[in-house]
Amino acid sequence: GHIVNQAPGLIEDVRNELPGSFRLLIQRLLDHLKALDKQVSELETQILAWHRQSELSKKLEQIPGIGPITASALVASLGNAKNFDGGRQVAAWLGLVPRQHSSGGKQNLLGISKRG
């Protein structure tokens, strides 16, 4: 928002000695930024419409800190949560807990790397 508000003033200010080609480039970038902003708004509207139709997404939204976009993303990425044995496995799949290397019914949780 700050860029959109401040850049037109910089383009029109003749005292800042910006070359004409640079002014045109900034104007083109601003137009592109506005077009991207419009696309984001349209996609957000589509996600919210899908969220209103999905019962699972509505249930997830009731959890504090989870809004419609996060709930929709979780439903879209997890699919059927019954494929996981429990919440800990879902958390490991999302990367919220240490890495998991389990086999034969024995759980082996590894450490969290420095990269997180």
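What the table below lists for this structure:
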{"read-out": "Coarse-grained scattering of the stretch 1-54 at q = 0.16, 0.21, 0.31 Å⁻¹, given as base-10 log I(q)/I(0) from a Debye sum over alpha-carbon atoms", "value": "-0.58, -0.78, -1.14"}
{"read-out": "Rh by Kirkwood over Cα pairs, then Stokes-Einstein D for the stretch 48-89 at 1.002 mPa s and 20 °C, µm²/s", "value": "202 µm²/s"}
{"read-out": "Helix-only mean residue ellipticity at 222 nm for the chain, each DSSP H run of n ≥ 4 adding -39500 (n - 2.57), per residue, nearest 500", "value": "-20000 deg cm²/dmol"}
{"read-out": "Accessible area of the stretch 1-83 belonging to carbon and sulfur atoms, whole % at 1.4 Å probe", "value": "59 percent"}
{"read-out": "Accessible area (Å², per residue) of the stretch 1-85, counting only protein heavy atoms and a probe of 1.4 Å", "value": "80 Å²"}
{"read-out": "Dipole magnitude (debye, nearest 20) for the stretch 20-99, charges at Cβ of Lys, Arg, Asp, Glu", "value": "140 debye"}
{"read-out": "Listed peptides 27-36, 45-54 by packing density, highest first (mean Cβ within 10 Å)", "value": "45-54, 27-36"}
{"read-out": "Pairwise Cα inverse-distance average, inverted: Kirkwood Rh of the chain (Å)", "value": "18.7 Å"}
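The values are calculated or read from the model by the stated rules, or taken from the named source; none is laboratory data. What you are looking at is a predicted structure, and each value in this text was computed from that prediction instead of being measured. Quick reminder, even Gly has a Cβ in these numbers, built from the backbone with ideal geometry, and neighbours come from all protein chains shown. The area values use the complete protein model at the heavy-atom level, side chains included, leaving out ligands, DNA and RNA. Shrake-Rupley method; radii C 1.70, N 1.55, O 1.52, S 1.80 Å.
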